[in-house]
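These notes concern the structure reproduced below.
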Amino acid sequence: MNLFEQMKQPAFTNEIIELEKKKDRYTPTCKKCGKKMVVRKKRKPKQAFWGCSSYPDCRYTEIMTSLEKFIITRIDNQIKKLWSR
């Protein structure tokens, strides 16, 4: 079964949706403008942090805790595994 056929399968789509919802629960909201924050990475050293999704209009950032980093990375890996089936 190719990827296109796999995407038509309800179970595959539901798994992706559930993982994205789970990821969204752990994503903080910008305290400045109220939009969702996204994972950003510094160039040197490569550290992850939360940055507002409406950048460059809003430049609010937050430090990402190690627990948040672990959870988001784990969910992203599960999503990647589903897409590579």
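The values are calculated or read from the model by the stated rules, or taken from the named source; none is laboratory data. It should be emphasised that the depicted structure is a prediction, and the values quoted were computed from it without experimental measurement. All Cβ positions, glycine included, derive from the backbone under ideal geometry; neighbour counts span all protein chains shown.
Results, tabulated for the structure shown:
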item	result
Odd one out for Leu82, checked against (1) touching a Cys at 6+ places or on another chain (Cβ under 8 Å); (2) surrounded by 11 or more Cβ atoms within 10 Å (Cβ to Cβ)	(1)
Segment 72-85 residues that are free of Cβ contacts under 8 Å to residues at least 60 places away in the same chain, paired with ones that are part of a helix (DSSP H, G or I) (beta carbon under 8 Å, 6 or more apart)	Ile72/Lys23; Ile72/Tyr26; Ile75/Leu19; Ile75/Lys22; Ile75/Lys23; Ile75/Tyr26; Asp76/Lys23; Gln78/Leu19
Residues (surrounded by 15 or more Cβ atoms within 10 Å (Cβ to Cβ) and not in a strand (DSSP E or B)) located in segment 28-52	Cys30, Lys35
Any hit, segment 4-11, residues being modelled with pLDDT of 80 or more and surrounded by 12 or more Cβ atoms within 10 Å (Cβ to Cβ)	no
Residues located in segment 26-40, provided they are within 13 Å of the chain's Cα centre (by Cα) and not β-branched (Val, Ile, Thr)	Tyr26, Pro28, Lys36, Met37, Arg40
